[in-house]
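Visitor: The structure follows.
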Amino acid sequence: MNRALNEIGNVPITTSIIESLYPTLKSADKKVARLEKNGHIIRLKRGLYVVNPEHTGKSLSIELIANHLYTPSYISMSSALRYYGLIPEAVYVNQSMTIKHARRFQTPLGTYDYKYISREAFSVGVKSENKGEYAFLIASPEKALCDLIANSSKVNLRSINDVKIYLEQDIRIDMDGFNSFDSNIFEEYIKVGKKADSIISVLKFLRR
């Protein structure tokens, strides 16, 4: 396999980038099709691929893929809480937030789900997680919890006791981790995000 393609590693790449690796070919698009057919690259959606980790020796990052599959977006909700080790259950759908229309992508590497969030609330509590050779956008634990509550239709936290039941029984969050949460992020989210009343209840429970 072309060394340049191998050196791309686990970063998702577009068709045009792959074609640029073969400037001497008259029909670079056929080269892309051949690379896919031979299993050198994996199609995520039309025009977006990752190099097969069997050839690069580098594990793929579902978080990095999620950021590139639908932009702008960031990892959030149960996916982020699980990433931080705050909830015990495995998450089988990769969840993200976006300022664009809600979308869902079925890929050979899993299902990626995107929920809408307003531009005003998008940047609250979002950070870049550096993994050495690459980085991706992910919600802070506090923002991930806010997004999860805001996008759970049956969740309406009217009291501190409601919050206690939700955290301890419904999502089974690590309470030691929760108790170390930054209240400032909740305060910022309350100003611009959905379900402000429920988040206010969470903030009261945190400060109890």
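The values are calculated or read from the model by the stated rules, or taken from the named source; none is laboratory data. These numbers come from a predicted model, not from an experiment. Quick reminder, even Gly has a Cβ in these numbers, built from the backbone with ideal geometry, and neighbours come from all protein chains shown.
Visitor: Looking at ILE75 and the list (1) in contact with a helix residue (DSSP H, G or I) (Cβ under 6 Å, 6 or more places away or on another chain); (2) at pLDDT 95 or above; (3) farther than 17 Å from LEU148 by Cα; (4) β-branched (Val, Ile, Thr), which single condition is not satisfied?
Guide: (3)
Per-residue answers, yes or no, for (1) outside the structural domain of PHE181 (by TED's automatic domain parsing); (2) modelled with pLDDT under 95; (3) farther than 13 Å from ILE138 by Cβ; (4) acidic (Asp, Glu):
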position	(1), (2), (3), (4)
LYS26	yes, yes, yes, no
VAL32	yes, yes, yes, no
GLY39	yes, yes, yes, no
LEU48	yes, no, yes, no
PRO88	no, no, yes, no
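Visitor: Given the conditions (1) touching a strand residue (DSSP E or B) at 6+ places or on another chain (Cβ under 6 Å); (2) farther than 29 Å from ILE149 by Cα; (3) not in a helix (DSSP H, G or I), and given that LEU35 satisfies all but one, which numbered condition is not satisfied?
Guide: Only one criterion in (1) touching a strand residue (DSSP E or B) at 6+ places or on another chain (Cβ under 6 Å); (2) farther than 29 Å from ILE149 by Cα; (3) not in a helix (DSSP H, G or I) is unmet by LEU35, namely (3).
Visitor: On to the next question. Pick out the one residue from TYR49, TYR74 that is surrounded by 15 or more Cβ atoms within 10 Å (Cβ to Cβ), touching a residue at least 60 places away in the same chain (Cβ under 8 Å) and not in a loop (DSSP other than H, G, I, E, B).
Guide: TYR74
Visitor: Given the condition in contact with a Leu (Cβ under 6 Å, 6 or more places away or on another chain) and closer than 18 Å to LEU81 by Cα, answer yes or no: does some residue in segment 143-159 qualify?
Guide: Checked against the condition, which is being in contact with a Leu (Cβ under 6 Å, 6 or more places away or on another chain) and closer than 18 Å to LEU81 by Cα, segment 143-159 yields at least one hit.
Visitor: Would you tally the residues in segment 156-192 being among the β-branched types (Val, Ile, Thr) and in contact with a Ser or Thr (Cβ under 7 Å, 6 or more places away or on another chain)? Give the derivation first.
Guide: Initial filter on segment 156-192 (among the β-branched types (Val, Ile, Thr)): 160, 163, 165, 171, 173, 185, 190, 192.
Narrowing the set further to residues that are in contact with a Ser or Thr (Cβ under 7 Å, 6 or more places away or on another chain) leaves 160, 163, 185, 192.
Total meeting the criteria: 4.
Visitor: Hey, can you tell me all the residues within segment 111-138 that are touching a strand residue (DSSP E or B) at 6+ places or on another chain (Cβ under 6 Å) and assigned to a strand (DSSP E or B)?
Guide: Listed by number, the residues that qualify are THR111, TYR112, ASP113, TYR114, LYS115, VAL126, SER128, GLU129, ALA135, PHE136, LEU137, ILE138.
Visitor: Okay, next question. Answer with yes or no whether ILE117 is touching an Asp or Glu at 6+ places or on another chain (Cβ under 8 Å) and either hydrophobic (A, V, I, L, M, F, W, C) or surrounded by fewer than 12 Cβ atoms within 10 Å (Cβ to Cβ) (or both).
Guide: On the way: touching an Asp or Glu at 6+ places or on another chain (Cβ under 8 Å): yes; either hydrophobic (A, V, I, L, M, F, W, C) or surrounded by fewer than 12 Cβ atoms within 10 Å (Cβ to Cβ) (or both): yes.
Criteria met by ILE117.
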